[in-house]
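The values are calculated or read from the model by the stated rules, or taken from the named source; none is laboratory data. What you see is a predicted model, and the numbers here were worked out from it, not measured in a lab. Glycine also receives a Cβ, built like all others from the backbone with ideal geometry; neighbour counts cover every protein chain displayed. These accessible areas exclude ligands, DNA and RNA; they are computed on the full protein's heavy atoms, side chains included. Shrake-Rupley method; radii C 1.70, N 1.55, O 1.52, S 1.80 Å.
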Amino acid sequence: MRVSMPSETDALLRITVDVPGVSPAQVVDAFVDPAAVRLWWGGAELTVKEEVGGPYVAYFDRLDQTMRGTVTTIDPGRGRFGFDWSWDHAPQLPRRHVEVTVDQGAVLNLAQGDYDLSSQVDRDEAQSHRDGWEFFLPRLAEVVRDRS
């Protein structure tokens, strides 16, 4: 796993994970299939409509929190998926955008942001999001491999 934190020249958190032996579409499917999401994303209950503008909502029962967003990009054949999101319980926090691209070698590239580094809240959020993705993305890779 390779990680780069937001910087003065790039406002995005970027994470790269190798998921060998699977197709880009299988990786994208792990972000939109409720059964797969439940396995890798902490038991999240996903509601999604797989079209641009469709809802992308994950309820985390253990936290009693809902992440609510919309699908912004979906092209499994080309290994592309994106969504924006915010927490229902924290409306003061900025809305974030996640963009996932997967190449033919099944290298998952995730970018999330934007983060304003002049804001302590954004710096803390970037670190928290990094910690979350570093925890969950290896689980996503394992679920995709197990399902292939």
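Numbers for the structure displayed
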{"read-out": "Where a residue in the range 108-122 is closer than 30 Å to Gly77 by Cβ and its partner, wherever it lies, is part of a strand (DSSP E or B) and of a type outside the set (A, V, I, L, M), with Cβ under 6 Å and at least six apart", "value": "Asn109/Thr16; Asn109/Thr101; Ala111/Arg14; Ala111/Glu99; Gln112/Arg96"}
{"read-out": "The listed residue being within 14 Å of the chain's Cα centre (by Cα), surrounded by 14 or more Cβ atoms within 10 Å (Cβ to Cβ) and aliphatic (A, V, I, L, M), out of Val28, Val19", "value": "Val28"}
{"read-out": "Criterion (open to solvent by 80 Å² or more (accessible area, probe 1.4 Å) and either within 16 Å of Leu12 (Cβ to Cβ) or in contact with a helix residue (DSSP H, G or I) (Cβ under 8 Å, 6 or more places away or on another chain) (or both)) met by exactly one of Arg130, Arg147", "value": "Arg147"}
{"read-out": "Residue list for the range 133-144, restricted to those being surrounded by fewer than 17 Cβ atoms within 10 Å (Cβ to Cβ), touching a residue at least 40 places away in the same chain (Cβ under 8 Å) and either in a loop (DSSP other than H, G, I, E, B) or among the hydrophobic types (A, V, I, L, M, F, W, C) (or both)", "value": "Phe136"}
{"read-out": "Qualifying residues in the range 36-74 (those that are small (Gly, Ala, Ser) and exposed (fewer than 15 other Cβ atoms within 10 Å of the Cβ)) - the one modelled with the highest pLDDT", "value": "Gly53"}
{"read-out": "Of all residues in the range 94-127 being of a type in the set (A, V, I, L, M) and in contact with a helix residue (DSSP H, G or I) (Cβ under 7 Å, 6 or more places away or on another chain), the one that is most open to solvent (accessible area, probe 1.4 Å)", "value": "Leu117"}
{"read-out": "Filtered residues of the range 43-55 (kept if closer than 17 Å to Leu140 by Cα and either of a type outside the set (Gly, Ala, Ser) or within 13 Å of the chain's Cα centre (by Cα) (or both))", "value": "Ala44, Glu45, Leu46"}
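Here's the yes/no breakdown for (1) more than 16 Å from Val32 (Cβ to Cβ); (2) out of contact with any strand residue (DSSP E or B) (no Cβ under 7 Å at 6 or more places or on another chain):
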| residue | (1), (2) |
| --- | --- |
| Thr73 | no, no |
| Arg80 | no, no |
| Gln112 | yes, no |
| Arg123 | yes, yes |
| Glu142 | yes, yes |
